[in-house]
Amino acid sequence: MIRLAKPLGCLVLFLLLAGCATTIKMEIMRPAEVNMAGARRVAVMDFGIPPENDRAWTWDELWALALAKMLNLETARKATLVEKLAQYTTERMIGTLANTNYFEVVNPGDISRAVIGSGKRNPNPIVIGQLVGAQAIIVGDITTLVNRAEQFTRIEKFKDKTTGKESETTVLYVKRTLELDLTYRAVNTSTGAIMATKTLEDSNVREVRYADRSSLEAEEAVFRGMIDAMLPKIAKQIAPYKETVYRGLMKDETKDPEMKKADELVKNNLYDSALGIYLDVWRRSRNPAAGVNAGIMYEVLGDLDSALATVRQVVDATANRKAMGEYNRLLEEKKDQEELLRQL
């Protein structure tokens with residue numbers, strides 16, 4: 001489950017909490033959007049390019065093209081921009097998946113040698129999976145590539161430096177539009193079924209004076225930057241990943257000195273000691289902040305079940321709205337961790 005807004009949300013949450021309560025920085029594992037637990041050895045095929053006419057490849061066409069590329073059946077010629085980008089995507093995809101430390105990756109060269117050695121000319125995903133011992137195959141393509149430049153004019157005012165008189169002139173501009181859509185499929189080699197299909201999109205639009213068009217970054221470099229930005233998102237879609245989060249302690253409205261003492265312990269990373277004090281205060285006074293903060297201590301110490309049980313007690317006993325919000329958050333964390341266990 002990729003959460004594109006989460007990093008910004010975490011930053012905003014941190015800034016809000018930093019001014020009013022103690023915060024704790026945590027690094028936790030998140031489950032991937034697609035459960036690839038049964039497919040830890042993955043083969044990556046060469047990425048394809050969009051067809052010349054305005055349509056999308058069918059699955060059979062895309063598979064045939066990937067096989068032709070892998071088996072060197074294409075005619076040798078100078079690579080076009082989109083072909084260079086497809087090759088770049090293949091190489092970066094292999095490195096990205098390997099760097100997750102979740103997958104063992106089989107590259108197209110290894111697949112090619114295995115297929116050629118087997119004598120099979122048109123293997124399907126099941127056969128390739130058997131040949132290289134992979135439980136899944138990643139097959140992708142650059143679905144859309146737009147590289148368009150348009151000229152237009154704009155009326156601009158300028159002031160004569162000598163006379164100070166304002167005049168108008170027509171200035172020629174260039175508008176460059178770059179768009180790239182990347183699609184990949186994870187294929188189960190036991191059944192040949194597509195486990196997931198994901199598409200990522202990016203664009204870059206620049207307007208400059210025609211006389212300054214040399215200041216535009218080279219198209220290939222811009223497209224590579226788009227691909228580089230997409231690949232970490234792909235990794236999070238199919239492999240568990242680490243995320244930095246911030247937990248803010250609930251502010252104590254009672255001014256209990258024991259609560260202040262516990263907060264100081266938290267600031268010094270003495271979470272076990274702080275937990276003991278929060279629990280004592282909660283049992284003694286039914287202070288919602290003490291109960292909620294005890295739950296957060298349990299979470300920081302890796303005991304989500306105790307965190308949920310403690311905060312649930314606070315909700316039942318006080319009906320505190322902040323406690324209810326914390327309880328719902330912990331429920332979502334519990335679901336995430338259960339899904340993560342299924343993926344590990």
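Numbers for the structure displayed
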item: Matching residues in the range 114-146 - criterion: being small (Gly, Ala, Ser) and crowded, with 17+ Cβ neighbours inside 10 Å; result: ALA114, GLY129, ALA134, ALA136, GLY140
item: Filtered residue count, the range 314-344, keeping only those that are outside any helix (DSSP H, G or I), under 29 Å from the mean Cα position of the chain (by Cα) and buried (at least 16 other Cβ atoms within 10 Å of the Cβ); result: 0
item: Tally of residues being among the polar types (S, T, N, Q), surrounded by fewer than 16 Cβ atoms within 10 Å (Cβ to Cβ) and part of a strand (DSSP E or B) across the range 181-203; result: 3
item: Criterion: buried (at least 21 other Cβ atoms within 10 Å of the Cβ), touching a strand residue (DSSP E or B) at 6+ places or on another chain (Cβ under 8 Å), in a helix (DSSP H, G or I) and among the hydrophobic types (A, V, I, L, M, F, W, C) - qualifying residue of VAL281, VAL266, VAL311, VAL292; result: VAL266
item: Matching residues, the range 97-115, being in contact (Cβ under 8 Å) with a residue 40 or more places away in the chain and more than 10 Å from VAL44 (Cβ to Cβ); result: ASN99, THR100, TYR102, GLU104, SER112, VAL115
item: Residues of the range 294-316 classified as touching a helix residue (DSSP H, G or I) at 6+ places or on another chain (Cβ under 8 Å) and farther than 24 Å from ARG30 by Cβ, total; result: 4
item: Hits in the range 97-113 (condition: surrounded by fewer than 19 Cβ atoms within 10 Å (Cβ to Cβ) and part of a helix (DSSP H, G or I)); result: ALA98, ASN99, GLY109, ASP110, SER112, ARG113
item: Filter pass, ASP263 being charged (D, E, K, R) and touching a residue at least 24 places away in the same chain (Cβ under 8 Å); result: yes
item: Residue within the range 241-260 that is in contact with a Ser or Thr (Cβ under 6 Å, 6 or more places away or on another chain), surrounded by fewer than 19 Cβ atoms within 10 Å (Cβ to Cβ) and under 30 Å from GLU33 (Cβ atoms) present; result: yes
item: The range 21-59, subset without any contact (Cβ under 8 Å) to a residue 12 or more places away in the chain and either touching a Phe, Trp or Tyr at 6+ places or on another chain (Cβ under 9 Å) or not charged (D, E, K, R) (or both), residue surrounded by the most Cβ atoms within 10 Å (Cβ to Cβ); result: PRO51
item: Inter-residue pairs, beta-carbon under 7 Å, first farther than 29 Å from THR22 by Cβ and in the range 232-255, second of a type in the set (Asp, Glu) and not in a helix (DSSP H, G or I), 6+ apart; result: GLN237/GLU33
item: Some residue of the range 150-173 being closer than 25 Å to LEU85 by Cβ and either surrounded by 12 or more Cβ atoms within 10 Å (Cβ to Cβ) or not assigned by TED's automatic domain parsing to the domain that holds ASP228 (or both); result: no
item: Members of the range 298-313 that are out of contact with any Phe, Trp or Tyr (no Cβ under 7 Å at 6 or more places or on another chain), free of Cβ contacts under 8 Å to residues at least 40 places away in the same chain and not hydrophobic (A, V, I, L, M, F, W, C); result: TYR298, GLY302, ASP303, ASP305, GLN313
item: Tabulated pairs, the range 211-225, first outside any helix (DSSP H, G or I), second buried (at least 16 other Cβ atoms within 10 Å of the Cβ), C-beta under 8 angstrom, 6+ apart or interchain; result: LEU216/VAL174; LEU216/ARG176
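The values are calculated or read from the model by the stated rules, or taken from the named source; none is laboratory data. Being a predicted model, the structure only gives us computed values, none of them experimental. Note that each Cβ is placed from the backbone with ideal geometry, even for glycine, and that neighbours are counted across all protein chains shown.
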